[in-house]
Each structure stands twice: as structure tokens, then as C-alpha cells.
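Participant: Structure provided below as C-alpha cells; questions to follow.
The values are calculated or read from the model by the stated rules, or taken from the named source; none is laboratory data. Keep in mind that what you see is a predicted model, and the values were worked out from it rather than measured. Ideal geometry is used to build each Cβ from the backbone, glycine not excepted, and the neighbour counts take in all protein chains shown. SASA here: full protein model, heavy atoms, side chains in, ligands and nucleic acids out. Shrake-Rupley method; radii C 1.70, N 1.55, O 1.52, S 1.80 Å.
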Amino acid sequence: MLEMEEAARNGNYESKNVIMEVKGLTKIFENKLKAVDSVSFSVYEGEIFGFLGPNGAGKSTTIKMLTTLLRPSEGDAVVCGFDIRKQPQEVRWSVGVVPQEYTADEDMTGLENIMLFANLYGIPGDVARKRADELLMLVELNEAAGRKVSTYSGGMRRRLELACGLVNHPKVLFLDEPTLGLDVQTRTAVWRYIRILKEQYGMTLFLTTHYLEEADGLCDRVGIIDHGKIVRLGTTGELKSGVGGDAIELGIREKDVDLTSFIMKVDSVTSVVRENDHYRIKAPLGEEAAPAIMDAVRSAGYHVDRISLTKPTLDEVYLEYTGHKLRDEEANSQQVMAQQRTVRRARA
Amino acid sequence: MATTEANAVGGFQMKGEEQVRINKGMLHGLWALTNRELKKWYKVPVLLFLSIIQPVIWLGLFGKAMNFGALFTSTSFNIPGLNIPKATLDQLATQAMLSTFGTTDYFSFLAVGMLSFIILFTAMFSGMSIVWDRRFGFLDKLLSTPVARGSIVMGKVFSSIIRSLAQAAVVLVVAVLLGMDTAKITVVGLAGTFLALFLMAMGLSALFLMLALRSTDWQSQMAIMNLLNLPLLFASNALFPSKLMPAWLQVVAKLNPVSYATDAGRQLLLGVPGFASLGFDFLFLTAFAALFSGVGIFLSWRYLSR
Ligand SMILES: Nc1ncnc2c1ncn2[C@@H]1O[C@H](COP(=O)(O)OP(=O)(O)OP(=O)(O)O)[C@@H](O)[C@H]1O
Ligand SMILES: [Mg+2]
């Protein structure tokens, strides 16, 4: 069951249309800081593509370039068939953006915010009103629609941002850290909306995150970005098998013999390391390799003490390619605090 | 699960949905943006009240206290060796007032100046809203939509115009209630006055918005406003006729749009001779409004487009 889902998600994308093509995109700020360093990737129509990276990796800067808010220093990108440098206006007509910050107008109601953005996208009033109602329903804000945004909670604001970004029914929706600072329940809800958009409406989604579980559970393909560079890109399955696949830990009763090269000969085993009294074995498909190893070891007359199998997580992938762990919660609370500070400062 | 989700989504339809007539015109969104600013204002009546309170206080205190006419009429001169009859003194006083202010009633003179005053002060704050929008990220959100960059600036200009004209109308009513001379007010005169105020509001709002286009902090914006507002007010004929000012100040007053709007208003509402012809007043104001709106739209394309 799990594998089937995996296989479906990792499915062959060659047959799909490329909806976004990014080549050598670079942003150097006035202070000489290279926030984005020659990133190249393609996004296929109908997929959820994620950028995973720590604070300051250049995720938001990439989104700002792709949504025409920032001019790239170098490189090019074609979004929905339009060149972000030469046809920024056409790009704006065809994409939607949900920014990292809460940007709705606090003095207006949720409905008024959506109606305003519908108008800015040239949508006639009657259609806009219909869409606004549908979107408010989708993000479960229909009851709060008539209230001023200043009375909304953080989660409600995030959902309103999502609704505003969807009002033009974009072909590609950009989501910058869509679940930052949300509680588990709201985060799950946002993930559900995102899946609905992909599965029922065929929308292409580009999202950034520094939550591994988000990248793992939601995205079809993930680019790991650090210091402005894509250090690794692929389907979540590919990335995981990139770290050598599943890890098998094997304990043998006969402590005085070294079975490293013997185990290595077993089919599909990619690496074996002897650590004290046990072996760490890597194999792409652990559940098949483990019995094979056990059989081989037994038939050679040795005794298996214990065996365990662990599936790789993006955590390990992340660690392997960026050299540091993603300190999820810490980064999160820091950032939420920074965000709250901005709002307070602005209000003061 | 999937079905309840589908129900929750309602009629939301993307794939193959019926074609919607999208308005891709240059001016789409302009009124929505104007209305957004206006809403913040008319939904909070106390704001209107607060914003007219200042000019009204000026009118009440300054206008009534600076009773220039009484300078001559209620004091009795007694210069040794000269015996000037009271009637002559009064006549002299009237002549002095007329030649200085064009009217014997300083209060009415100042009332028209206050109309310009409120326009100037409202326009000044138009720049602040773009600074706020930038800080809250709202501006970035606007810029990610296909709305014309010029509309973002012009929406603020128009809302500022509408707001300041409404406030000017209230100030005028209060001035009349406080004793402004209404003998020569006509419908045409009123319309002309508000046209002049409209042009001034347009130019000034565009000017202050332009100054705020690149600004990210409201402190520097406040500093710019304070640097400009009092000179614009005092180096004009709004409070005092410019012809009695030193020559260098007269030059400034002659370039100051506040002078022309006030001058047009005085000619049209009070029937006093102006410092320029009515035609020139309007010509100057039209040029001013067109120039700064044009430059404002141009700069917004330049500076707001990344
Ligand atoms: N306008 C700017 N001028 C100068 N430097 C900037 C500017 N905007 C961003 N940076 C810098 O560029 C780098 C990348 O920033 P960016 O916002 O893209 O990071 P991010 O991956 O979105 O991080 P986060 O997870 O914190 O949102 C950071 O070091 C940041 O300080
Ligand atoms: Mg970011």
C-alpha cells in the first residue's frame, strides 16, 4: 500500500508538461549578498514542488523572483509559458501568491480582502462574489467572513491569505512557508486544502518549507536548498534512496569473525559497516534484503542475535547534504516571534 | 473523506470552467484601490472630525483674533500736532484693509486660505499610507497582482483628493457658520473653487506619494512632511497676502500651488482682486496637477516595478 503510493508519487515525470523552467537564477542584493546562487530546476504541471531549506536559505527570494517582485541578477525563468523578465505582467495574470507574512488589510473584513484582490485580477463583481463564497467555504472562514481581519487569529489569517492567492484561479500557486507557526490542527487543514487543489483542480503548487514532514508528506518532488544553492533535487523517494536506502542493523552471536565482505555479497546490499558488536547495512529495499541476509548468515552457520530495519527519513537526507540538522522547532519559534515583532512594531 | 471534501469545496471549479470576462484594461482595480482607502476613512467618522478640527481652530482663534480691521477702527489715534477726525481714520483703515487683503474682512480672507490648508494637510498624509502598505507587505501583495503600477499610486491620489475635498466642504460650512462673508458666493464660484482645490489636491498628493515611493520607514516620511508643510503654508498667500512679503519670499509664493488655489478661491468666493488672473490660476494648477501625476505614474512604474 505504502509502496504503491510512493510509486505513484515518484511516477515518471518525463511524460508531463513542464510548467515552470528555471535556469541559473541568481539574486545578488545591493549588499553583495548572494541570496540565490544559480538555481536551475523544472516544475511539472500538476505536481507539488517543494523547496526545503533553513532560515535564510533563499527560498523567499526565489519565490519573489518567480512572481516578478524581484528582478533576478542573473538567469532566466519561464513561468506558465511567460518569461519572468520580459513578460512579468503575463506571469502575474497566471499565477497566485501566498506570501510568508500576513499581508491582508487588517482594517477590512475577510470578504472585503478577497473581493479587492478579485477586482485587482479583473474579475467581474458577480463572478468574484461567487468565487469569494466558494473560497471562504474552502478555507472554512465563511462564518468569520464579515469580521475585520484584525480580529482574526494567526491560523485564520493564514487561511485568508490562501484564499486571496486563489481568487484568480491560478495555474501555478506559490506558497511561501504556508504552515509556519500554525498548530497541528490548522497545519493539517492547510495540507488538506493543498491536496484538494492538486488532486481536484489540477493546480501546480510551488511551496517552500523548513518542515521535513511537510516536504515528505506533501511534495511530489523536493529541492533541498542551502546558502542559495540547490544541493539536492528529486522525488522524496529518490532523495531517500540517495542516502543508500533503508538501514539494517544486524547483530551476530559470533563476535570474533568479521562478516563484512560476506554480507556485502548478498543481493542488493549497497554498504556494510561493522560497528562494535553489530553491522550497519544499507539496502534500497530493506524488507527484501533483511530476510536474504538472515538466510545467508544462517546457511553459513552463524547465528543472528537481533535484526532491525529503519526506513530513511528526509532528516537523514537533509543532514547528509547540508551537513547540519534542521532544528525545526527552534527555527519555527524564532521566526514566529520575529513575525509578531514586525506586526507589533508596525502597530506601535 | 474525499466526498466530504468535495462538498466543502462547493462549486469551486477550475478545470474547464466557463470562460470569465476578465477585465484586463489599464484602469482595472483603480476604483477598488481608491475605495479601499476611502473605506478606512468614512467608516471611522471620528477621523473626519479630527482632521477638520485643526483648520477650524485656526479659523476660530487665528481668524477672529487677528482682527486687523479693528487695529484702526477701535483705537483712537492721537498724534500731537495732528488732529485727524475719526471718520478719516476709519476711511484710511478701510482703504488699508482693502489694499492689503482685498476685503475689509480678514476672517473671510483666512477662511478661503483654510480650504487650501486642509487640502495641503490631507495630501501630505497620502504618502504615509504607501509607507504602511510597504511595511505590512500589502504593497508586495498588490505588486504580485497584474494591477497597473500607476493605479496603485493613482488610487491613493484619488482617495486623497476625495477625502480632502469633503473635508474642505465641511470647513467651508463651518466658516460660513462662524461668520464668513457669503454675499458674493455663487454656484459657479463654488464649483470653480472646488475645481481649483481638486487640481491642487491632485498635484500635492502625487508629490507627497512620490516622495514616499521608495521610503520604508515612516519616521523619515514624517520628517519630509514636516519639512515641507509649514513652508508650503506660510510661503503662500493662504494666511497673509504675498505682496507684502520680502521679494525672495514672493518668488517662493509665486511658485507655490497653494497660492494659486487660494487666489482662485478668493476671487471666486469673495470677489476680491487676485494676484494673478483667474485664467492663469487655473492654468498653473492644471499644469501642476498634470506634471506631478504624470511624474508620479512614471516613477511608480520605475520604482514599484522591482
Ligand atoms: N532585500 C534584501 N536585501 C538584502 N538582503 C536580503 C534581502 N532580502 C533577503 N535578504 C537576505 O537573503 C538571504 C535569503 O533570504 P530569504 O528571505 O530568501 O530566505 P528564506 O529561505 O526565505 O528564509 P526564511 O526561512 O527565514 O524565510 C538572507 O540572508 C537574507 O538576509
Ligand atoms: Mg522566507
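Participant: For region A:202-209, indicate whether the set of residues that are of a type outside the set (Asp, Glu), open to solvent by 10 Å² or more (accessible area, probe 1.4 Å) and within 14 Å of chain B (Cβ to nearest Cβ) is non-empty.
Facilitator: yes
Participant: Also, quick follow-up: For region B:218-239, which positions are aliphatic (A, V, I, L, M) and assigned to a loop (DSSP other than H, G, I, E, B)?
Facilitator: Our first condition is that a residue be aliphatic (A, V, I, L, M); within region B:218-239, this holds for B:222-225, B:227-228, B:230, B:232-233, B:235, B:238-239.
Hits for region B:218-239 are B:235, B:238, B:239.
Participant: Name the residue, out of B:181, B:133, that is free of Cβ contacts under 8 Å to residues at least 60 places away in the same chain and charged (D, E, K, R).
Facilitator: Exactly one of B:181, B:133 is free of Cβ contacts under 8 Å to residues at least 60 places away in the same chain and charged (D, E, K, R), namely B:133.
Participant: Kindly evaluate residue B:147 against the criterion of being out of contact with any strand residue (DSSP E or B) (no Cβ under 7 Å at 6 or more places or on another chain), within 14 Å of chain A (Cβ to nearest Cβ) and modelled with pLDDT under 90.
Facilitator: Against the criterion (out of contact with any strand residue (DSSP E or B) (no Cβ under 7 Å at 6 or more places or on another chain), within 14 Å of chain A (Cβ to nearest Cβ) and modelled with pLDDT under 90), residue B:147 does not qualify.
Participant: Go through region A:155-165 and count every residue that is more than 19 Å from the chain's Cα centre (by Cα) and either within 16 Å of ligand 1 (Cβ to nearest atom) or open to solvent by less than 10 Å² (accessible area, probe 1.4 Å) (or both).
Facilitator: Of the residues in region A:155-165, 3 are more than 19 Å from the chain's Cα centre (by Cα) and either within 16 Å of ligand 1 (Cβ to nearest atom) or open to solvent by less than 10 Å² (accessible area, probe 1.4 Å) (or both).
Participant: Moving to a separate point now. For region A:290-326, give me each residue that is free of Cβ contacts under 8 Å to residues at least 60 places away in the same chain and in contact with a Leu (Cβ under 9 Å, 6 or more places away or on another chain).
Facilitator: If the condition is that a residue be free of Cβ contacts under 8 Å to residues at least 60 places away in the same chain and in contact with a Leu (Cβ under 9 Å, 6 or more places away or on another chain), then A:290, A:293, A:294, A:297, A:300, A:302, A:304, A:305, A:306, A:307, A:319, A:325 are the ones that fit.
Participant: May I pose another question? Which is more than 17 Å from the chain's Cα centre (by Cα) and open to solvent by 10 Å² or more (accessible area, probe 1.4 Å), of A:216, A:226, A:183?
Facilitator: A:183 is the lone residue from the list that is more than 17 Å from the chain's Cα centre (by Cα) and open to solvent by 10 Å² or more (accessible area, probe 1.4 Å).
Participant: Going by the structure shown, is residue A:168 assigned to a helix (DSSP H, G or I) and away from ligand 1 (no atom under 16 Å from the Cβ)? Break it down into steps so the answer makes sense when it comes.
Facilitator: Numbers: assigned to a helix (DSSP H, G or I): no; away from ligand 1 (no atom under 16 Å from the Cβ): yes.
No: the conditions fail for residue A:168.
Participant: Okay, moving on. So which of A:112, A:177 ends up being within 16 Å of ligand 1 (Cβ to nearest atom) and within 24 Å of residue A:67 (Cα to Cα)?
Facilitator: Sole residue among the options that is within 16 Å of ligand 1 (Cβ to nearest atom) and within 24 Å of residue A:67 (Cα to Cα): A:177.
Participant: Would you mind finding the one in B:30, B:89 that is surrounded by fewer than 20 Cβ atoms within 10 Å (Cβ to Cβ) and either away from every other protein chain (no Cβ under 14 Å) or modelled with pLDDT of 75 or more (or both)? Explain how you work it out, then say what you get.
Facilitator: On the way: B:30 fails: surrounded by fewer than 20 Cβ atoms within 10 Å (Cβ to Cβ).
Just one listed residue meets the conditions, B:89.
Participant: Additional query: Working only within region A:44-63, note down all residues that are more than 6 Å from ligand 1 (Cβ to nearest atom) and either open to solvent by 10 Å² or more (accessible area, probe 1.4 Å) or closer than 17 Å to residue A:21 by Cβ (or both).
Facilitator: Answer for region A:44-63, where residues must be more than 6 Å from ligand 1 (Cβ to nearest atom) and either open to solvent by 10 Å² or more (accessible area, probe 1.4 Å) or closer than 17 Å to residue A:21 by Cβ (or both): A:44, A:45, A:46, A:47, A:49, A:51, A:54, A:62, A:63.
Quick grid of which residues meet (1) over 23 Å from residue A:190 (Cβ atoms); (2) touching a helix residue (DSSP H, G or I) at 6+ places or on another chain (Cβ under 8 Å); (3) more than 7 Å from chain B (Cβ to nearest Cβ):
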{"site": "A:80", "(1), (2), (3)": "yes, yes, yes"}
{"site": "A:88", "(1), (2), (3)": "yes, no, yes"}
{"site": "A:93", "(1), (2), (3)": "yes, no, no"}
{"site": "A:106", "(1), (2), (3)": "no, yes, yes"}
{"site": "A:113", "(1), (2), (3)": "no, yes, yes"}
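Participant: Still on this structure, please answer the following. Does residue B:50 count as at pLDDT below 80, away from chain A (no Cβ under 14 Å) and open to solvent by 60 Å² or more (accessible area, probe 1.4 Å)?
Facilitator: No.
Participant: For residue A:23, indicate whether it is more than 13 Å from ligand 2 (Cβ to nearest atom), open to solvent by 50 Å² or more (accessible area, probe 1.4 Å) and under 29 Å from residue B:136 (Cα atoms).
Facilitator: Criteria not met by residue A:23.
Participant: Determine, yes or no, whether residue A:118 is of a type in the set (Gly, Ala, Ser) and within 11 Å of chain B (Cβ to nearest Cβ).
Facilitator: yes
Participant: Quick one: residue A:193 ticks every box in (1) under 16 Å from residue A:50 (Cβ atoms); (2) open to solvent by 10 Å² or more (accessible area, probe 1.4 Å) except a single one, so which number is it?
Facilitator: (2)
Participant: While we're looking at this one, here's another question. Exactly one of (1) open to solvent by 10 Å² or more (accessible area, probe 1.4 Å); (2) over 21 Å from residue A:222 (Cβ atoms); (3) in contact (Cβ under 8 Å) with a residue 24 or more places away in the chain; (4) within 16 Å of ligand 1 (Cβ to nearest atom) is unmet by residue A:76. Its number?
Facilitator: (4)
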